[in-house]
Amino acid sequence: MNRVLVAIALVSVFLVGSFLGAPMIQFFSSVITPIPQPIIRTYDMYNTTYFPYEVKVVYYPGNATSQNLDLPSYWGVTNGGQSHNAAFTTTCTELIQGVVWQQDFAHMAGAALIPMTAPQSMLPGANVMGTRSALVMLTQMVGEPLGVTLADNLLFVEEDSGPGSIFAVNPLNGQVVWYATGLASYAMNNPIVYNGIVYVTVGDVGFNFANFVHYEKGQFSSIHRGMAYGAIYAFNATDGELLWMRFTMGEAMPAPAVYNGVLAYADGGGEFIGVNATTGQVLWQDMMPGLFDSMSSVNYYVLPNGTPIFIAGFTSLTEPYGLLVAVNGMTGKEVWNASLPSPNKPFNTGMGDVPPAVDQQAGIVVQSTVANAEPNGTVDTMVLAVNATNGHVLWVTNLGRGYTPPAFKGAIPMIYNNTVYVGAPSLGKEFALNLMNGQILWQTRLNGIGLPPKAPGGPRGGATYYDNLLWVAGGPYVYVLNPHNGELLQQYYVGGRFGIVNPVIVGSTIYLTNSYGWVVAIPLYQVYPDYVLYA
């Protein structure tokens, strides 16, 4: 009977609408299928300082999931944590089963839509600069050089496509919950999440001509990296409201680190700065003339007395040409600095590019760099381990010699179960080293990664240890290795190019970003059907 009454009511509304015309039908339609309207905020300035671009935040409340995905609430260091292993368990059924989607967020940010299957010869500028340079430049200026962040029930991803952007995404289906565009420069790292706030740093890779003049005159303390603006932004993680921002002296490409309410970041002007993570108020500020941090995201180590120290890699324009610098997280006072022991010499931006990994339990900091450059264009790939308390060098291991990779020349180390997993971009290999003494346990050539000088090389991103397997992204592939002996179990084609990308895994879902501008979610069993046998 109720169904009959509903049918009569619908027919009556339709008939009345036919007499009243289209407006009545449109009204009825809007009641049945309401179109969610975004909430839009725009920002031209903060704290009496104008922005170079209007920051626009668009929030779609209806796209957020009300389901608890059992994700971390804290993402304090690039790649998820001190050891850089971005793997997480969850109780969410969908993530355990494995979700699948792909979105071109770079296109939403204003970049061209480049299919993942597009040949390298069709990349921007490839016809004049060659495919090797075209691949590198795309990673630096379009798409996503590093991986995603999973925290606060959302997936966060930064976009290079200028000016920079950040997207907050529903991890289950890839729908955008909010995004912010118009950041001061390229956004090319992991967003950091703490206490309901997401932090984004921006900057570019260039040097203007004045820096070359300073270099020729030996005025190293005047050299800053970054031709455009550098800045750090703090957004409400739920809806994207801008909470605070600060400009920086030079680029701010590296991600900050946050611990116990202190957010520390380093930049291309030789600054190492600690601020109140909630308000942005400066707590301490170090100026290190002649040093600059390129892409070495900050990490931290907690001393036995509970005091945190923040650690980042810097490039030096005088010998030793590369340093790890640790500062007291409460005062900013330098605790120690370390470099490759003589006769080894860090080369180019090596130590200033790679984010160090920290093993909190063992009290060891691990860094990789290129060193000992020869006129023939070759370098050694070195891995360095230091005592986290005092910076004393524990061991140095040479992974081998190859032609110098372009741009980001080292690879992000990852530590798991007293083993260091690290790539060598000049060799196209993944290595496993003993954390305590640096002994090489195994090395595996990843087929399909072209080597310098003809190709960019790889892998550069950190590996991910999950379900007794090692997952590595390099070139257009995801590689699955046996972490105990390096046996290559699977080489799965995704397409595009993985820059400094670490796979982020939760449940049975792997999230990957791409230089072509895509973010993809893939079930692990699709990448490697036999993975359940190792779990």
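Across region 82-92, a minimum of one residue is classified as within 14 Å of residue 150 (Cβ to Cβ), of a type outside the set (A, V, I, L, M, F, W, C) and surrounded by 18 or more Cβ atoms within 10 Å (Cβ to Cβ).
Annotation for region 365-379: no member residue is among the acidic types (Asp, Glu), open to solvent by 10 Å² or more (accessible area, probe 1.4 Å), over 21 Å from residue 81 (Cα atoms) and not in a loop (DSSP other than H, G, I, E, B). A single entry from 409, 429 fulfils the requirement of being closer than 21 Å to residue 132 by Cα, in contact (Cβ under 8 Å) with a residue 12 or more places away in the chain and in contact with a helix residue (DSSP H, G or I) (Cβ under 8 Å, 6 or more places away or on another chain): 409.
Against the condition touching a Ser or Thr at 6+ places or on another chain (Cβ under 8 Å) and of a type in the set (Ser, Thr, Tyr), how does residue 78 come out, does it pass? Yes.
Residue 123 fulfils the conditions (1) buried (at least 19 other Cβ atoms within 10 Å of the Cβ); (2) touching a residue at least 40 places away in the same chain (Cβ under 8 Å) except for a single criterion, (2).
Entry remark, region 422-436: residues being closer than 15 Å to residue 485 by Cα, among the polar types (S, T, N, Q) and open to solvent by less than 30 Å² (accessible area, probe 1.4 Å) number 0 in total. Kindly indicate the residue of region 198-223 that is within 11 Å of residue 290 (Cβ to Cβ), in a loop (DSSP other than H, G, I, E, B) and not small (Gly, Ala, Ser) and also most open to solvent (accessible area, probe 1.4 Å) among those meeting that condition. Only one residue fits best here, namely 219. Answer yes or no: is there a residue in region 152-162 that is under 20 Å from residue 495 (Cα atoms), crowded, with 19+ Cβ neighbours inside 10 Å and β-branched (Val, Ile, Thr). The answer is yes; a qualifying residue exists. Of the residues making up region 43-58, those that are closer than 20 Å to residue 162 by Cα and either among the basic types (Lys, Arg) or surrounded by 12 or more Cβ atoms within 10 Å (Cβ to Cβ) (or both) are 43, 51, 52, 53, 54, 55, 56, 57, 58.
When the residues of region 227-244 are filtered to those that are open to solvent by less than 10 Å² (accessible area, probe 1.4 Å) and farther than 16 Å from residue 189 by Cα, the one that is nearest to the chain's Cα centre (by Cα) is 237. Scan region 317-327 for residues that are in contact (Cβ under 8 Å) with a residue 40 or more places away in the chain and either part of a loop (DSSP other than H, G, I, E, B) or surrounded by fewer than 17 Cβ atoms within 10 Å (Cβ to Cβ) (or both) and the total you get is 3.
Answer yes if at least one residue in region 509-516 is part of a helix (DSSP H, G or I) and over 25 Å from residue 81 (Cα atoms), and no otherwise. No - not one qualifying residue is present in region 509-516. Testing residue 279 on (1) closer than 16 Å to residue 326 by Cβ; (2) surrounded by fewer than 24 Cβ atoms within 10 Å (Cβ to Cβ), one condition comes back false. Which one is that? Every listed condition holds for residue 279 apart from (1). Within region 289-307, the set of residues being open to solvent by 20 Å² or more (accessible area, probe 1.4 Å), assigned to a loop (DSSP other than H, G, I, E, B) and aliphatic (A, V, I, L, M) comprises just one member, 303. For region 308-316, the criterion of a residue being assigned to a loop (DSSP other than H, G, I, E, B) and either open to solvent by 10 Å² or more (accessible area, probe 1.4 Å) or touching a helix residue (DSSP H, G or I) at 6+ places or on another chain (Cβ under 7 Å) (or both) is satisfied by no position. Only one entry of 143, 147, 174 meets the criterion of being farther than 20 Å from residue 460 by Cβ and in a loop (DSSP other than H, G, I, E, B), and that entry is 174. Residues satisfying the criterion are absent from region 98-106 (criterion: among the acidic types (Asp, Glu), more than 15 Å from residue 510 (Cα to Cα) and open to solvent by 20 Å² or more (accessible area, probe 1.4 Å)). State whether the residues of region 456-466 include one that is modelled with pLDDT of 95 or more, part of a strand (DSSP E or B) and under 24 Å from residue 397 (Cα atoms). Taking every residue of region 456-466 in turn, at least one turns out to be modelled with pLDDT of 95 or more, part of a strand (DSSP E or B) and under 24 Å from residue 397 (Cα atoms).
For region 246-274, a residue qualifies if it is outside any loop (DSSP other than H, G, I, E, B), of a type in the set (A, V, I, L, M, F, W, C) and surrounded by fewer than 24 Cβ atoms within 10 Å (Cβ to Cβ), and the qualifying residues are 247, 262.
Looking across 169, 148, 157, 128, one residue alone is out of contact with any Cys (no Cβ under 9 Å at 6 or more places or on another chain) and free of Cβ contacts under 8 Å to residues at least 40 places away in the same chain. It is 128. In this structure, does residue 419 turn out to be farther than 20 Å from residue 480 by Cα, in contact (Cβ under 8 Å) with a residue 40 or more places away in the chain and not hydrophobic (A, V, I, L, M, F, W, C)? No, not satisfied. The set of residues in region 457-482 being open to solvent by less than 10 Å² (accessible area, probe 1.4 Å) and in contact with a helix residue (DSSP H, G or I) (Cβ under 7 Å, 6 or more places away or on another chain) consists of 462, 469, 478, 480. Within region 338-352, the set of residues being open to solvent by 40 Å² or more (accessible area, probe 1.4 Å) and more than 11 Å from residue 380 (Cα to Cα) comprises 341, 342, 343, 348. Here residue 487 fulfils each of the conditions (1) under 24 Å from residue 418 (Cβ atoms); (2) in contact with a Phe, Trp or Tyr (Cβ under 8 Å, 6 or more places away or on another chain); (3) not aromatic (Phe, Trp, Tyr) apart from (2).
The values are calculated or read from the model by the stated rules, or taken from the named source; none is laboratory data. Computed from a predicted model, the values in this text were never measured in an experiment. Here Cβ is always computed from backbone atoms with ideal geometry, including for glycine, and neighbour counts include all displayed protein chains. Quick note on the areas: whole protein, heavy atoms, side chains included, nothing else; ligands and nucleic acids left out. Shrake-Rupley method; radii C 1.70, N 1.55, O 1.52, S 1.80 Å.
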